[in-house]
Amino acid sequence: MSNTQSPEHTGNFIEGRWREPESGRLRPNLDPADPARIIGEFAESGAADAELAVDAARRAFPAWRAMGSVRRGEILSAAARLLTERAETISAAITAENGKRLDEARGEVRRAAAILEFTAGEGRRLGGQTLPSEEPNTMAFTWRRPIGAVGLITPWNFPLAIPLWKLAPALLSGCTAVLKPSPLTPLTAALLVEVFAEAGVPEGAVNLVQGDRPVGEALVADPRIAGISFTGSLPVGVAIQQACASRLVRTQLELGGKNAVLVLADADLDAATRAIVHGAFGQSGQRCSATSRVIVDRAVREELLERLLPAVAGMRIGPGTDPGSDIGPVIDESAQRRLLDAVERAKAEGATVAVGGKPVELPGYYVAPTVLTDLAPDAEIATEEIFGPVLSVVDCSGYEEAMRISNSVRYGMSGTVFTRDYGLAMRALDEFEAGMLHVNRPGVGAQAHHPHMGAKLSQYGAPECAQQVWDFYTEWRSACVSF
């Protein structure tokens, strides 16, 4: 194997400088479209590195908080400009280490820049209230105060957008941060931290520690960390919540999803098909809001499948750098194996593999886009998140049964309905047990200033990407001043 790219910074970024991990160990970063290609070797850090980063964040906190939100917002605006200027470099890094198509990576950069611009503007609105007083000659008011140093633990599926939508509000609020990205996507995180440093974020306000579980566990256990924001799997999120509860440490957890598209008897089936293909197979199905279930009225089931199955079967599979590819690889070999094993278990339960269900004869970690039919609503693959390009089609009779099946799972990230009856659509919006809802459009994605949130076991704590995020990174103060 050869090193086909040499990133400038492969260590940790602590207190304004790049440094090698205390362990002295490095980990190869592989291209999922061609595992023989090593993108670089990045720090395999441990608890000692996390401790150094928390030290730096705590030292930087008083001065960063004192700077004020308007000036902090100006620095974030500068970061947004730098991010936009470097969009092609960062997009290429995302595709190289995550595997998503280059156009999808570019879309991620655009969304990240939009979130950063929105957050920067909040610097002039991050205030409290003036309240009436019960006493004469007394002014009463409230304001927000940053909670302190925070730990940000992020996944590989959106290696730029998710770290940014945590870092940006953390910094704007006046918190300092230690970012622990996924060890599968370290290069993108390094490029992001470099952007913030060059934009003017002072030493220690942003720290990056590359590595795996030991770093995350050290951040969660550190008594100097005031809050943990985590995006990832349900079991890890529960473990973080349990560890933080004994110290009453704030948590913000975005966890799994098993998202449904309801296709009712009066639906526009062409529009529904396009939305399902985009939602289920975009980014290789590796997103928390991905469409993983279609719940279709039996009256239109065959008509929908007549459109859906050829569309999925015709998808072109290949590396994200190939402009002819419709779908890229999954993140690594373990993900590929997990997905194929889940399909085999579904077949054993009686499911029919209508399309796909097999690996692809290419060098990387590819899984053919898959559609499963003849599934019971409570089948394992129709109720548990598997995080990949595998779609379950479940039959129903009418709206009530469709909604009951949709709400029968323990997750509640997103929900979508296709119908021409807008009265029924509004009823669905009220009855979905999910956080992000859609009518007659793809069930994935959210706008930069809209809350990103789930319900049930998909979310715990404040939403992200909107004004509600300040309820995680800040705490309230109130005062009465007599004169």
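The values are calculated or read from the model by the stated rules, or taken from the named source; none is laboratory data. Keep in mind the model is a prediction, meaning the values are calculated, not measured. Reconstructed Cβ throughout: ideal geometry from the backbone, glycine too, with neighbour counts over all protein chains shown.
Among the residues of segment 215-228, is there at least one that is within 22 Å of G121 (Cβ to Cβ), touching a residue at least 24 places away in the same chain (Cβ under 8 Å), basic (K, R) and assigned by TED's automatic domain parsing to the domain that holds T84?
So far as segment 215-228 goes, no, none of its residues is within 22 Å of G121 (Cβ to Cβ), touching a residue at least 24 places away in the same chain (Cβ under 8 Å), basic (K, R) and assigned by TED's automatic domain parsing to the domain that holds T84.
Give all pairs with beta carbons closer than 7 Å in which a residue from segment 18-31 that is closer than 13 Å to G46 by Cβ and of a type outside the set (G, A, S) meets a residue that is modelled with pLDDT of 95 or more and surrounded by fewer than 16 Cβ atoms within 10 Å (Cβ to Cβ); count only pairs at least 6 apart in sequence or on separate chains.
As it stands, the answer is E22/A48, since those pairs meet every condition given.
When residues of segment 289-305 are filtered for being within 15 Å of A271 (Cβ to Cβ) and either among the small types (G, A, S) or part of a helix (DSSP H, G or I) (or both), how many remain?
Residues that pass the stated criteria total 2.
Looking only at segment 118-172, count how many residues are part of a strand (DSSP E or B), surrounded by 21 or more Cβ atoms within 10 Å (Cβ to Cβ) and over 13 Å from the mean Cα position of the chain (by Cα). Reasoning before the result, please.
Our first condition is that a residue be part of a strand (DSSP E or B); within segment 118-172, this holds for 130-131, 138-146, 149-153.
Pick out the ones that are also surrounded by 21 or more Cβ atoms within 10 Å (Cβ to Cβ) and you get 146, 149-153.
Going one step further and asking which of them are over 13 Å from the mean Cα position of the chain (by Cα), we end up with 146, 149-151.
Of the residues in that region, 4 qualify.
Can you confirm whether segment 110-127 contains a residue that is at pLDDT 95 or above, β-branched (V, I, T) and within 19 Å of L192 (Cβ to Cβ)?
yes
Does R65 qualify as being crowded, with 17+ Cβ neighbours inside 10 Å, touching a residue at least 24 places away in the same chain (Cβ under 8 Å) and either in contact with a His (Cβ under 8 Å, 6 or more places away or on another chain) or not in a helix (DSSP H, G or I) (or both)?
The answer is no for R65.
Residue-wise test of (1) in contact with a Phe, Trp or Tyr (Cβ under 9 Å, 6 or more places away or on another chain); (2) closer than 29 Å to R287 by Cα.
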{"residue": "T138", "(1), (2)": "yes, no"}
{"residue": "P159", "(1), (2)": "no, yes"}
{"residue": "S182", "(1), (2)": "yes, yes"}
{"residue": "P186", "(1), (2)": "yes, yes"}
{"residue": "E194", "(1), (2)": "yes, yes"}
{"residue": "A197", "(1), (2)": "yes, yes"}
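Out of the residues in segment 82-101 meeting the condition of being over 14 Å from P32 (Cα atoms) and within 18 Å of the chain's Cα centre (by Cα), tell me which one is surrounded by the fewest Cβ atoms within 10 Å (Cβ to Cβ). So that I can check it myself, show each step before the final result.
In the first step, residues of segment 82-101 are kept if they are over 14 Å from P32 (Cα atoms); the result is 82-91.
Now restrict to residues that are within 18 Å of the chain's Cα centre (by Cα): 90-91.
Numbers: I90: 26, S91: 23.
Top of the filtered list is S91.
Quick check: anything in segment 125-137 touching a helix residue (DSSP H, G or I) at 6+ places or on another chain (Cβ under 6 Å) and either among the basic types (K, R) or at negative phi (or both)?
Yes; the residues of segment 125-137 include at least one that is touching a helix residue (DSSP H, G or I) at 6+ places or on another chain (Cβ under 6 Å) and either among the basic types (K, R) or at negative phi (or both).
Of all residues in segment 38-62, which are without any contact (Cβ under 8 Å) to a residue 40 or more places away in the chain and either in contact with a helix residue (DSSP H, G or I) (Cβ under 7 Å, 6 or more places away or on another chain) or assigned to a strand (DSSP E or B) (or both)?
Once the filter is applied, which keeps residues that are without any contact (Cβ under 8 Å) to a residue 40 or more places away in the chain and either in contact with a helix residue (DSSP H, G or I) (Cβ under 7 Å, 6 or more places away or on another chain) or assigned to a strand (DSSP E or B) (or both), segment 38-62 yields I38, E41.
Give A299, A275, A267, A290 a once-over and let me know the one that is in contact with a helix residue (DSSP H, G or I) (Cβ under 7 Å, 6 or more places away or on another chain) and in contact (Cβ under 8 Å) with a residue 12 or more places away in the chain.
Working: A299 fails: in contact with a helix residue (DSSP H, G or I) (Cβ under 7 Å, 6 or more places away or on another chain); A275 fails: in contact with a helix residue (DSSP H, G or I) (Cβ under 7 Å, 6 or more places away or on another chain); A267 fails: in contact with a helix residue (DSSP H, G or I) (Cβ under 7 Å, 6 or more places away or on another chain).
Testing whether each residue is in contact with a helix residue (DSSP H, G or I) (Cβ under 7 Å, 6 or more places away or on another chain) and in contact (Cβ under 8 Å) with a residue 12 or more places away in the chain leaves just A290.
Please count how many residues of segment 183-214 are in a loop (DSSP other than H, G, I, E, B) and either surrounded by fewer than 24 Cβ atoms within 10 Å (Cβ to Cβ) or not assigned by TED's automatic domain parsing to the domain that holds C244 (or both).
Matching residues across segment 183-214 total 7.
With the structure loaded, tell me whether L179 is part of a strand (DSSP E or B), out of contact with any Cys (no Cβ under 8 Å at 6 or more places or on another chain), of a type in the set (A, V, I, L, M) and under 18 Å from L82 (Cβ atoms) or whether it fails that test.
Taking the combined requirement at face value, the residue satisfies it.
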